[in-house]
1. Tell me which residues, restricted to the range 112-141, are under 18 Å from the mean Cα position of the chain (by Cα) and closer than 17 Å to residue 354 by Cβ.
2. Can you name every residue in the range 146-205 that is of a type in the set (Gly, Ala, Ser) and part of a loop (DSSP other than H, G, I, E, B)?
3. Which residue is farthest from residue 139 (Cα to Cα), if the candidates are limited to the range 275-302 and must be among the charged types (D, E, K, R) and either assigned to a helix (DSSP H, G or I) or touching a residue at least 24 places away in the same chain (Cβ under 8 Å) (or both)?
4. Tell me, please, whether a residue that is within 15 Å of the ligand (Cβ to nearest atom) and on the phi > 0 side of the Ramachandran plot can be found in the range 172-191.
5. Would you check if residue 291 is in contact with a Pro (Cβ under 8 Å, 6 or more places away or on another chain) and more than 16 Å from the ligand (Cβ to nearest atom)?
6. Among the residues of the range 202-212, are any more than 18 Å from residue 328 (Cβ to Cβ), within 14 Å of the ligand (Cβ to nearest atom) and modelled with pLDDT of 95 or more?
7. For residues in the range 319-334 being more than 10 Å from the ligand (Cβ to nearest atom) and touching a strand residue (DSSP E or B) at 6+ places or on another chain (Cβ under 9 Å), which is farthest from residue 151 (Cα to Cα)?
Amino acid sequence: MGWRFFVAKNPINNIPIERGIRMEQRLKEILEIAESELGGITDMKALEEMRVRFTGKKGMLTEVLRGMGQLSPEERPAMGKLVNEVRSEIEGLMTSVREKLEKEALSARLVKEKLDVTIPGKRPALGRKHPLTQAIEEMEEIFIGLGYDIAEGPEIETVYNNFDALNTEENHPSRDEQDTFYITDNTLLRTQTSPVQIRVMKSSEPPIKIICPGRVYRADTVDATHSPVFHQIEGLVIDKGVTMGDLIGTLKLFAKNLFGEETDIRLRPHHFPFTEPSAEVDVSCWVCGGKGCRVCGGEGWIEILGAGMVHPNVMKACGIDPEIYSGFAFGMGVERAAMGRHNISDLRLLFENDLRFLRQF
Ligand code: PHE
């Protein structure tokens, strides 16, 4: 800054003016103080305090400006200019100190907030698959491994697909309103997933090899072993020359996969309208292996599914010639299987969704 110029002179005799010189010295002084104080500023608060003291409304520079009144009108412009120069000099110095402080604060923050990627993370609470979903998927896997496709159908079905096409007589007890939820005379909530098999047989040509998992409905009162909503997995194979031996072999393989290699099965004659012959299928108890225990009620065997050779009437209803083709079908309750596998004594636990229960699976 050119101090020389600001030595105010009396324009008449060209002699420096006393008051002007004093103000000028004061300005020099203020600048020097500012420079030396700035060297010791280490935080924003002190910087702000300084700004107020030097360039603020009631600060030192304002004080100097106030004294301008004592100068002659000729002296004032030069002094005013000098004050402004000192002001911008000080402001410039303060700005560079502010920038320095901001930079330091930023790098201090970056150091503080640095991520240590080696610290073990917080494990997010993960959900898990419901035991019924797990059971369904496990069974699906087994059949997918045997070359089956998965087929699904609507839960609201026609009475025809759920009963008539499945060779269920007009007066069969399962048709009763006490057992089945009817929506209209012709539609109902499916009582089994067998109508999915009807849909597939009607819409495709053999060979057919499917399993049909899904939700089914029956007008049962809720208790430890009954629920009006439950799940089934049914299977259907239609081809030339399919025999009862194929059915037994398939179910044996399935049981060994699901319950363990040592598992055996047995068939007991039964009646289903849609299969002939029909059987109920037991597996050797997965707890005692057949000796008899609490889980199998001392029997050594546990019933898990119904099965049989597809009734010729069912095939005919779906446009498949029973003289050319034959097939087997089987069906089982998923809840039942899951309860058995996990030793669950009350079916309601599977629907209440109490996390303390679900977390065990
Ligand atoms: N649909 C039968 C039921 O719900 C089970 C079954 C399917 C039986 C296929 C035999 C063949 O009880």
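The values are calculated or read from the model by the stated rules, or taken from the named source; none is laboratory data. Note that the coordinates shown come from a computational prediction; the quantities given were computed from them, not determined experimentally. Methodologically, a virtual Cβ is constructed for each residue, glycine included, from the backbone with ideal geometry; neighbour enumeration extends over all protein chains shown.
1. Let us first name the residues in the range 112-141 that are under 18 Å from the mean Cα position of the chain (by Cα), namely 122-131, 133-134.
125, 127, 128, 129, 130, 131, 133, 134, listed by residue number.
2. Let us first name the residues in the range 146-205 that are of a type in the set (Gly, Ala, Ser), namely 147, 151, 153, 165, 174, 194, 203-204.
The answer is 147, 151, 153, 204.
3. Taking the range 275-302 first, the residues among the charged types (D, E, K, R) are 276, 280, 282, 291, 294, 299.
Next, from what is left, pick out any that are either assigned to a helix (DSSP H, G or I) or touching a residue at least 24 places away in the same chain (Cβ under 8 Å) (or both): 276, 280.
On the way: 276: 25, 280: 19 Å.
The extreme case among them is 276.
4. Checking the range 172-191: not a single residue is within 15 Å of the ligand (Cβ to nearest atom) and on the phi > 0 side of the Ramachandran plot.
5. On the way: in contact with a Pro (Cβ under 8 Å, 6 or more places away or on another chain): no; more than 16 Å from the ligand (Cβ to nearest atom): yes.
Considered against the rule, which asks whether it is in contact with a Pro (Cβ under 8 Å, 6 or more places away or on another chain) and more than 16 Å from the ligand (Cβ to nearest atom), residue 291 comes out as no.
6. No.
7. Of the residues in the range 319-334, the ones more than 10 Å from the ligand (Cβ to nearest atom) are 319-327, 334.
After this cut, where a residue has to be touching a strand residue (DSSP E or B) at 6+ places or on another chain (Cβ under 9 Å) as well, the list is 320, 322, 325-327, 334.
On the way: 320: 18, 322: 22, 325: 20, 326: 20, 327: 17, 334: 16 Å.
Across the range 319-334, the extreme among qualifying residues is 322.
A quick yes/no check of all residues on (1) outside the structural domain of residue 339 (by TED's automatic domain parsing); (2) loosely packed, with under 11 Cβ neighbours inside 10 Å; (3) in contact with a Pro (Cβ under 8 Å, 6 or more places away or on another chain):
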| residue | (1), (2), (3) |
| --- | --- |
| 117 | yes, yes, no |
| 122 | yes, yes, no |
| 138 | no, no, no |
| 146 | no, no, no |
| 163 | no, no, no |
| 167 | no, no, yes |
